[in-house]
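Rule-based calculations on the coordinates, nothing more; no lab input. Just so you know, these numbers come straight off a predicted model, no measurement behind them. In this analysis, Cβ positions are derived from the backbone assuming ideal geometry, glycine residues included, and neighbour counts consider all displayed protein chains.
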Amino acid sequence: MRSIRLKIFRGTSNSGEFKEYTLEVEEGMVVLDAIHRLQATQSPDLACRWNCKAGKCGSCSAEINGKPRLMCMTRLNDLPVNKTITIAPLQTFPIMKDLATDVSWNYQVNKKITPFTPKSNAEWHWEQKDIDRIQEFRKCIECFLCQDVCHVLRVHQKHSVYAGPRFFVRMAALEMHPIDSADRLPFLKTDAGLGYCNITKCCTQVCPESIAITDNAIIPLKERVVDRFYDPIFILFRKLFKKK
Amino acid sequence: MSNNSLGATARRDLWWLEPAGTFAVLVLFIAYAAWVGLSGTHYEWGPYLSPFYSPLFKPTWWPFSPAILVLIVPLGFRTTCYFYRRVYYRAFFMDPPACAVGEARKHYEGETKLLVFQNFHRFFVYLAVVFLVFFVIDDIHAMMWPINGILPNGQMAPGPKTFGIGLGTIIMVLDLIFLSFYTFGCHFLRHLVGGSLDCFSCSKTKETRHGIWKIISKLNEHHMAWGWISLGWVTFTDLYIRLCSMGIIHDVRIF
């Protein structure tokens, strides 16, 4: 048993402040364990969202010492426990209460994306090599840490014109699917605001599933958009050979 | 709760170290490259040619350093490269300086307006691949030594040539290798050879492209490392040839 100091945001988007707590913890505990112990022993009204406690549901996202992370996957041992640990809600989304944020904007964005649209004559058979790329994207647990850390949303608040890394990953999975027939490139260029991404790779750095979001999803999509809308050689080639 | 002013963050680590270090390294490189590129001297010694001056074009109507005619290609290639974009957006424009750290600029358009030219990276990639061919030729020249030796002014003595390897040859070959790994690990080439396909198994050609795509993907995983290594080594190669040319150091002939 040892004692740690926690500084946790308490309040809503309208008003709130960081409150300090001192807590007894044990070897092997993660940040979410500390939050649960705090709820049980000192602050039963402390709000936080969680579910699986195994890094698979993506519910317990927060900012621990300023870094977007899953509380259930952050061991207290890995933090400088001789100093106060700061736990804040995701900055990009409105705070409902304490550590729980309203991430419903993401679901609104998701609805705008053309879903999987198989070709009418598609043969539902493909090889592993065709879907290796997509399987990486399917690991996404929708924790929205990438959305939180992306400065286009976090700092510049471009929610109305930018979909964010999570949905670039989803659209990459759909665009690269061997039997999908929908065309999402115009949407990516305009409504989804792919051009706002300036490759900071912060989304990749915080992804708890280690998805290479920038290299494998965003940049390949950017290149597809360039093929379609910017590259005069590709545009001419398509016109000459009537390829869409 | 949020404070997005420049440098505002709750991070406790040394987040400023990476942008500050990158800034320092890039400023040093830019200063060195500008000095080398504008000087127009000491870029050759014996069979060696500085990569800053390759391919060597010296038209009579051009009064300035010949490097100015060719440096636009590596400069354009690196400045539009996805890896370097990330680096200088962070280090120079602080957009953002680091993840989850506040930034200076409040008006942000990303790569949608002024920076839309970044989408033409691919044209610099084509030219960069052509430049690699020139570097291969330079390396072959760096293995052809005059039988009558090198003159005191660093020029090759007239007469027949024979095969030989000097320390500078090895440095130049390594430069070519590092530049090739960096160039062929490019995101655009990865897209061009196979990334644009949705189905890799649909034809023999596509299967071949998938094979090449996998190789480029492997290189691409270390694109950042090759970007830094090649940048450092190209500087070192020029410095070695420059110091040989200035007579400050002497090349070692291995055989």
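Across the stretch A:80-180, Cα-Cα distances exceeding 16 Å account for 66% of all pairs.
May I ask for log10 I(q)/I(0) of the protein assembly as shown at q = 0.07, 0.09 Å⁻¹, from a Debye sum over the Cα atoms as equal point scatterers with solvent left out? Rounded to two decimals, the profile gives -0.49, -0.75. Against chain B, whose longest principal axis comes from its Cα atoms, helix B:167-184 is set at around 30 degrees.
Max-minus-min Cα coordinates of the stretch B:184-255 on each principal axis give 60, 28, 14 Å, with the largest extent listed first. Classify the stretch A:52-105 as rounded, prolate or oblate, taking a ≥ b ≥ c as the square roots of the eigenvalues of its Cα gyration tensor: rounded when a/c is under 1.5, otherwise prolate if a/b is larger than b/c and oblate if not. Oblate shape, in that a/c is at least 1.5 and b/c is the bigger or equal ratio.
Helix B:223-246 and the longest principal axis of the C-alpha atoms of chain B enclose an angle of approximately 30°.
Based on DSSP H runs of at least 4 residues, each adding -39500 (n - 2.57), what is the mean residue ellipticity at 222 nm of the protein assembly as shown after dividing by all its residues, to the nearest 500 deg cm²/dmol?
Numbers: 19 runs with 212 residues, N = 499.
Using -39500 (n - 2.57) per qualifying helix, the result is -13000 deg cm²/dmol.
Using C-alpha pairs under 8 Å with a sequence gap of at least 6, the mean separation divided by the residue count of the stretch B:105-255 gives a relative contact order of 25 percent. Residues of chain A were split at every exposed loop site, defined as GluC sites (Glu not before Pro) in a DSSP loop with at most 14 other C-beta atoms within 10 angstrom, and the longest piece left, sites excluded, is A:128-244. Relative contact order for chain B: 24 percent, from Cα pairs under 8 Å spaced at least 6 residues apart, divided by residue count. Over the stretch B:12-142, the reciprocal of the mean inverse Cα-Cα separation, the Kirkwood hydrodynamic radius, stands at 17.1 Å.
Return a whole-number percent for the relative contact order of chain A, with Cα pairs under 8 Å and 6 or more residues apart as the contact set. The partial results should precede the final answer.
Details: 383 pairs, mean separation 40.3, N = 244.
With pairs under 8 Å counted, the relative contact order is 17 percent.
Here, chain A is characterised by an Rg to Rh ratio of 1.06, where Rg is the alpha-carbon radius of gyration and Rh the Kirkwood radius.
Please state the equivalent ellipsoid semi-axes for the stretch B:17-246: what are the square roots of 5 times the Cα gyration tensor eigenvalues, largest first, in whole Å? List each step's numbers first, then the result.
Details: eigenvalues 241, 121, 48 Å².
Three semi-axes, in Å: 35, 25, 15.
When the C-alpha to C-alpha distance is required to be over 24 Å, the pairs from A:53/A:97; A:56/A:201; A:19/A:97; A:222/B:218; A:189/B:113; A:56/B:206 that qualify are A:56/B:206. Unpaired cysteine residues in chain B (no second Cys Cβ under 4.7 Å): B:81, B:186, B:244.
Just the number, please: percent antiparallel of the DSSP beta bridges in the protein assembly as shown, rounded to the nearest 5. The partial results should precede the final answer.
On the way: 27 of 30 bridges.
Around 90 percent antiparallel, to the nearest 5.
Restriction of the chymotrypsin sites (Phe, Trp or Tyr not before Pro) in the stretch B:59-152 to DSSP coil positions whose beta-carbon has at most 10 other beta-carbons within 10 angstrom yields B:61, B:64.
Once a ≥ b ≥ c are taken as the square roots of the eigenvalues of the Cα gyration tensor of the stretch B:1-62, is the result rounded (a/c under 1.5), prolate (a/b larger than b/c) or oblate (a/b not larger than b/c)? Since a/c reaches 1.5 and a/b is larger than b/c, the shape of the stretch B:1-62 is classed as prolate. Ranking B:159, B:88, B:213 by Cα position along the charge dipole of chain B, where only Lys, Arg, Asp and Glu carry charges on their C-beta atoms, puts B:213 farthest toward the positive end.
Using a/c under 1.5 as the rounded threshold, could you call the stretch A:104-241 rounded, prolate or oblate? The axes a ≥ b ≥ c are square roots of the C-alpha gyration tensor eigenvalues, and prolate needs a/b larger than b/c, oblate otherwise. Kindly include the intermediate steps, with their values, before the conclusion.
Details: a/c = 1.72, a/b = 1.26, b/c = 1.36.
It is oblate, given that a/c is not under 1.5 and a/b is not larger than b/c.
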